[in-house]
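These notes concern the structure reproduced below.
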Amino acid sequence: MSWEDKVRRVVPYVPGEQPKQKGIIKLNTNENPYPPAPEVERLLREIDYSALRLYPDTDAGELTKELAAYYGLKPSQIFVGVGSDDVLSMAFLTFFNSEKPILFPDITYSFYDVWADLYRIPYKLCPLDDSFRINPDDYKQENGGIIFPNPNAPTGVLESVDMVEEILRANPEVVVIVDEAYIDFGGESCLPLLSRYENLLVVQTFSKSRSMAGMRIGFAMGNEKLIQCLNDVKFSFNSYTMNLPAQVLGAQAVRDKVYFAETCGKIIKTREWVKEELKKLGFDFPDSKANFIFAAHRHMSGGVIFEALRERGIYVRHWDKPRIGNYLRITIGTKEEMERLLEALAEIVAE
Ligand code: PMP
């Protein structure tokens, strides 16, 4: 017997690579190619550095208040965390506490099964159809909770608010989490359903549409009782999750509505153009409403294209997994970055 028998063994989530060398065109982790709002930069320089001596506000009051005002909710309906990964992990721990399996799609954010394993939550995968669509009937079986991203990742496919509501209507006895990490790139949020479904939790992030992946801010919105439950677990885990700069700068990013709309608009425009160009090069993909496109070439394998791009200093994401091994998930960068990508792809597929 040794200490090794008592270890909690898990197979960790594998994040996309963060290259150390300069000059890489990085289209592998769905970051925003544009900097955070200009007012965020000004505030960053003005942060009272002597205040870092103190513990930060445990409730992240300013940030919560700003988010509540923006989304037309009460501050008591908002929970913030260190990126939406932290928020989602807390939500798994808080709400998925049943003997029955939680349900999520077979092709989805690859952190869900990792948290389920970590917290010993049983789960069942619901297969997407051949067009990578969710079948709402799959979510009408007995379960201990439901989670899916909308738009889904890595497919980029957006489901309608009506479909989300159909799933909610069939599941009044469990918490349904909708992970809206990519909702700001042209999707319709299911936030309006909050007033009618007290078991709905909507999770969003500052990492994509608000250009602040490095700051690590995510948030959940839901009814006050749900948020209170999340807070009880959070305060049993770590009271000071949100550091002071994240709280101050996050609040400022929410205030800057014009910049937010502009950058999302630019990414959507670039995405729509890239879709046309990828088609011309022989790629197929489900229509994406996210800041990435999940594309497969008609004749060349995903793995081969992935390596050829990498050799040219262009990083995209590829999973050697059933059903999606031929696909590449390509983040939408600046127009210039996407021009470079398309030139490289044209060369590669001509070989
Ligand atoms: N949900 C989905 C669907 C994602 O793709 C990501 C990004 N990896 C996250 C949540 C987590 O993002 P973050 O922790 O940066 O908010």
Is it the case that the range 144-152 has a residue that's closer than 20 Å to GLY325 by Cβ, within 16 Å of the ligand (Cβ to nearest atom) and of a type outside the set (Phe, Trp, Tyr)? yes
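Here is a list: PRO15, PRO33. Which entry is without any contact (Cβ under 8 Å) to a residue 60 or more places away in the chain and either under 18 Å from the mean Cα position of the chain (by Cα) or within 16 Å of the ligand (Cβ to nearest atom) (or both)?
The match here is PRO15.
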Could you say whether any residue in the range 121-135 is touching a residue at least 60 places away in the same chain (Cβ under 8 Å), within 15 Å of the chain's Cα centre (by Cα) and within 16 Å of the ligand (Cβ to nearest atom)? no
Checking LYS26 against (1) away from the ligand (no atom under 16 Å from the Cβ); (2) crowded, with 17+ Cβ neighbours inside 10 Å; (3) among the charged types (D, E, K, R), which test does it fail? (1)
Find all pairs meeting these conditions: Cβ atoms under 7 angstrom apart; at least six residues apart or on different chains; first residue within the range 167-189 and in contact (Cβ under 8 Å) with a residue 40 or more places away in the chain and within 14 Å of the ligand (Cβ to nearest atom); second residue hydrophobic (A, V, I, L, M, F, W, C) and assigned to a loop (DSSP other than H, G, I, E, B). ALA181/ALA153; TYR182/ALA153; TYR182/ALA290; PHE185/ALA290; GLY187/LEU158
Being closer than 20 Å to PRO149 by Cα and either acidic (Asp, Glu) or at pLDDT 95 or above (or both), is that true of even one residue in the range 269-278? yes
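For the range 240-343, give me every one of the helices (runs of 4 or more DSSP H) that falls completely inside it and has 2 or more residues that are surrounded by 17 or more Cβ atoms within 10 Å (Cβ to Cβ) and free of Cβ contacts under 8 Å to residues at least 60 places away in the same chain.
302-311
Residues checked against (1) within 16 Å of the ligand (Cβ to nearest atom); (2) among the polar types (S, T, N, Q):
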position: VAL87; (1), (2): yes, no
position: ASN97; (1), (2): no, yes
position: PRO101; (1), (2): no, no
position: SER110; (1), (2): yes, yes
position: ASP113; (1), (2): yes, no
position: ALA116; (1), (2): yes, no
position: TYR119; (1), (2): no, no
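Please verify whether GLU41 is free of Cβ contacts under 8 Å to residues at least 12 places away in the same chain and either farther than 26 Å from TRP319 by Cα or outside any loop (DSSP other than H, G, I, E, B) (or both), treating the condition exactly as stated.
Details: free of Cβ contacts under 8 Å to residues at least 12 places away in the same chain: yes; either farther than 26 Å from TRP319 by Cα or outside any loop (DSSP other than H, G, I, E, B) (or both): yes.
The answer is yes for GLU41.
The values are calculated or read from the model by the stated rules, or taken from the named source; none is laboratory data. All values derive from a computational prediction rather than experimental measurement. Neighbour counts are summed over all protein chains in view; Cβ atoms, including those assigned to glycine, are modelled from backbone coordinates with ideal geometry.
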